[in-house]
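Asks: My questions will all concern the structure given below.
Only the coordinates and a few stated rules stand behind these numbers; no lab work does. Bear in mind the structure is a predicted one, so any value in this text is a computation, not a measurement. When we count neighbours, we look across all protein chains shown, and the Cβ atoms used for this are built from the backbone with ideal geometry, even at glycine.
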């Protein structure tokens, strides 16, 4: 089963999930998590832009090659909303994944419950921790529950 | 041509676009814009919930009947990001619309340019005002540009 | 908006919904509700069968021309589970509608809550009465809630 | 070829089919067959719910991650209807599988022939025993018939 | 409901169906039934070809504009196999219609039962007469059976 | 039937086809044919760009709202290659139309036969004149050939 | 690349193609070619039928599990029309393959050119011999032509 | 990740990209680049044609077996426009790839910027050199930027 880990890129939640899943038969994918590289990749490879709007356009489109392919190939898409930033790209990924019929798992803390209600309502699970994601994936694969 | 107007529901931008389009051959659709009705519709019709999470789930799913149908039937989806709130549902709508192959127009002010770069990059136009949306729709229909 | 009313055919719930919706801009469709005609249509038109299995096959396939077209053309599919009978065809319709991405509304009483949990979990609303269906449709069309 | 074995979870019919298929080049998938785990997985991982409706919702949606992926990846979906319970989820799976264009095999005894007529009519084979399923799969793979 | 009438073009079966359906809310479509025009349309409009293979290619591709559009827009595709000719184009139309998920009705006499078994097996009804087709369409629309 | 007329915008071939089709039941669509408006629409509505690349990007994306919608809604897409210019956008439209399963008619003179061979090979008709297009459309609608 | 070899089952043309392709990186699939098994598989596994129509129905539907899966998974579908029999199932397979967007290669002798013109017109190649099929597949894989 | 390299076949740009990507986990595909073989394959395998139009038709359709399969299986489609020739087939490939939702990278020099504006506007990256393509693919796979 293929899992795409979208959203917040400033904590190690992806590593926690992957570690907790151990040797389950899963493959994980996700966006580039180096914030600077992600912001500047377009200008670095395709040439600098004076205008920030086009600088960002070039970068966002390069990143889309990876994120779009990753979401399309996934069976399950996990989207984590962190404490900071607008994170509209996380919500945008969730929208794409939902329209493609992927199984959605959304991770966030209680403070964001109300503004995330439409996205939660499209999900098959709403969780708070990486551990819960690993428990869901383990249950999905072998039917075993946490002890 | 069918237009779906998604996003911010606290100003009259929808009415401005519709008025500016005059008698062009267009039909407009969008979400319920009565904030209280939109929040409470689920509990009102399906029964109250003690837990805010399920209160919101019921409402969000009822609203999804309208928004999902509206986006699916649209040729062009306009998404406006306002100055306030998290607006993750707007980004979620944009993600769905993009994955369905709809023509996207995104409206926002400069301050949100960077966090919206992934969504802007998926759009066919990024605008600041309702007037620009109406000019795009007029040009699309009859090829005439503003004087 | 097009509504398909699937499931139980022994009470007048369809008529109640249609009446309660008054002159809303909706079109309603559903299966043939004459139980005898529905059972025997295949044999009547295509010729009698000694074997009940083939008698029923002929009828079920003729009915599928109507039900499949109706579900495919619908925006919203309402499925009512009544008090009697196996009603596997209702659950089968719900499965088809869900896989086609239709908005599902499921109607049943509390006694069937547990065995219907998978179908309820795929629905955008779970209701008990025809009145609630009409309230949902009204809210979806014009944003107004029951007083 | 990938086979999804849906439906009744209280007898060993899945094991019988798998054993009878021996070393044919087939992979088998199916739902979690531990009834208690299947009922309680949502509450165990995502947190308890006072209301049975939401307890079941959480569980049904977690299970959907597995069942939906399994059905989507299958070439052939076998659905067994047993002697007991409502088994609406089995019929729901059959509906999804049919709408996705999967080859359907339905297994049931004669007593359920009439109420299953719509689902049988969508199937490529209607059988009574696990042995017949294995014979079909063997014939499909290598063209050999039982002696 | 839209009906596409494919297959045999030498008898008046299409007219019989249309007449028998009277003022039911149906629209009918089908191929060009003027055999000479159908054979020569390509050469007439696009220029003559010395080689029969290319003469026929031009004609067959022009006819495909009509037949493909007609089948795609239909809800029900009726295919009649007559007594004469190879009629491979009728079987080809049936294959296309089936793969597009259309409801298929196949019309033929008993002598062709065995060689048409694969096509009959994909149909929702197998009939012998235009009258039966009209009875099916009437039943599908209003639930009434022939007296 | 809906016809999209793509390609060369400097002669009156669209008007010739439409006139020759008279009152046939057809609707015609196509790109904006005012070359200056088509080139500058983006900058005019969305704001000027110093860099020609982004000036053209803005215009091309605005035009895509119209062309993409037009091609998607068409049953038949006619693409004319003229004598001048690179016309890569015409070939791009043809590629999109073919991948969407539209019936393609390609119009060009003999001098372009070899470089257009891949596109011709995807077409249902290759013609030289607007008159031939109108004859094809007339034949497709009513089966009559030119006298 | 996956190749499905449909049609005539009384000569060794499949073996000729496979042998001529040697160790090219291809996988081949096709229907059960044991005529008796193919006719009787349904009755053998699912139980005898007094009526030839239902005997054939059972067999045709069992065979469809293999043929439908095979065509869906193929990149190229080769359909051979032999000298004898109606072969409507071959034309039906071709129609399905074409509607699914598969690359079609049709094999037949000159005598059948006219009645196969619609199917030939949907093919990417029309050939007379297994050798030509192997030459096409070799050219497609490595670009080399026969010497 | 699978990459399809479409367009210009007279320089070694494909080899440059493949070499620069080293041992990244990528597979590359593309058209037959032997110009003579590509032009004459149809006539060589299927038989000579007196008319250049049909000679080219046979060849173009044989080549389509490879190019269509290659584009369909790709995640990323790179299209290079060279300095010479009409290259309408390159633009046609780009149109197909775009309509199938593939990630497009377009390569060309500044002189072609204006006539390629519609195709550039559909791309996720516009580059000038094979090196840039390899940098994009490397960044997409492992997130590292050129030093």
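Asks: How long are the semi-axes of the equivalent ellipsoid of the stretch D:1-51, defined as square roots of 5 times the Cα gyration tensor eigenvalues? Whole Å, largest first.
Replies: 30, 12, 7
Asks: Fewest Cβ neighbours within 10 Å first, please rank C:117, F:128 accordingly. Can you show the working numbers first?
Replies: Values: C:117 25, F:128 13.
Starting with the residue having the fewest Cβ neighbours, the order is F:128, C:117.
Asks: For chain D, what does the relative contact order come out to in percent, with C-alpha contacts under 8 Å and a separation of six or more? Numbers along the way, then the final one.
Replies: Working: 203 pairs, mean separation 39.6, N = 147.
This gives 27 percent for chain D.
Asks: Axis carrying B onto D: which residue of B has the nearest Cβ, and how far, whole Å?
Replies: Spelled out as residue then distance in Å, it is B:54, 3.
Asks: Rounded to the nearest whole Å³, what is the per residue volume of the convex hull around the Cα atoms of chain H? Kindly include the intermediate steps, with their values, before the conclusion.
Replies: Details: hull volume 17.5 nm³, N = 147.
Dividing the Cα hull volume of chain H by its residue count gives 119 Å³.
Asks: Which whole number of Å³ per residue matches the convex hull of the alpha-carbon atoms in the protein assembly as shown? Mind showing how you got there, number by number?
Replies: Numbers: hull volume 204.0 nm³, N = 1176.
It is 173 Å³ per residue.
Asks: Here is a further query. Give the separation of the Cα centroids, the stretch D:9-43 to the stretch D:46-99, in Å.
Replies: 13 Å
Asks: Kindly express, to the nearest 10 degrees and within the range 0 to 90, the angle between helix B:35-46's C-alpha long axis and the longest C-alpha principal axis of chain B.
Replies: Relative to chain B, helix B:35-46 is tipped by roughly 40 degrees.
Asks: Related question: Going 7 Å from the Cα of residue G:113 along its beta-carbon direction, which residues of the stretch E:22-59 have the amide nitrogen within less than 18 Å of the resulting point?
Replies: In the stretch E:22-59, the label zone of residue G:113 (backbone N under 18 Å from the point 7 Å along Cα→Cβ) covers E:39-44, E:47-59.
Asks: Report, to the nearest 10°, how far helix H:52-73 tilts away from the longest principal axis of the Cα atoms in chain H, using its own Cα long axis and a range of 0 to 90°.
Replies: Long axis of H:52-73 versus the principal axis of chain H: about 30 degrees.
Asks: Among B:141, A:26, H:137, what is the fewest-to-most ranking by other Cβ atoms within 10 Å?
Replies: If I rank by nearby Cβ atoms, fewest first, I get B:141, A:26, H:137.
Asks: At 7 Å along the Cα-to-beta-carbon direction for both residue C:73 and residue A:129, put a label point, then send me their distance in nm to one decimal.
Replies: Result: 5.3 nm between the two label points.
Asks: Short version: what are the Cα gyration tensor semi-axes of the stretch H:108-147, square root of 5 times each eigenvalue, largest first, in whole Å?
Replies: On the way: eigenvalues 111, 26, 6 Å².
Value: 24, 11, 6 Å, ordered largest first.
Asks: Which value at 222 nm does chain F reach when only helices count, each DSSP H run of 4 or more adding -39,500 (n - 2.57), with the total divided by all residues and rounded to the nearest 500 deg cm²/dmol?
Replies: Values: 6 runs with 72 residues, N = 147.
Only helices count here, giving -15000 deg cm²/dmol.
Asks: Quote the FRET efficiency, to the nearest 0.05, computed for residue G:100 versus residue D:84 with a Förster distance R0 of 41 Å and r equal to the Cβ-Cβ distance. Kindly include the intermediate steps, with their values, before the conclusion.
Replies: On the way: r = 40 Å, r/R0 = 0.99.
Approximately 0.50, to the nearest 0.05.
Asks: Which three lengths, in whole Å and largest first, does the stretch B:54-98 cover when its Cα atoms are put on their principal axes?
Replies: Extents along the principal axes, in whole Å: 32, 27, 12.
Asks: Between rounded, prolate and oblate, where does the stretch H:81-147 land on the alpha carbon gyration tensor, with a ≥ b ≥ c its root eigenvalues, rounded for a/c under 1.5, else prolate if a/b exceeds b/c? Mind dumping the intermediate values first?
Replies: Values: a/c = 2.36, a/b = 1.46, b/c = 1.62.
Since a/c reaches 1.5 but b/c is at least a/b, the shape of the stretch H:81-147 is classed as oblate.
Asks: Something else about it: Would you list D:40, H:56 from fewest to most Cβ contacts within 10 Å?
Replies: Working: D:40 18, H:56 23.
Least to most surrounded, the residues fall as D:40, H:56.
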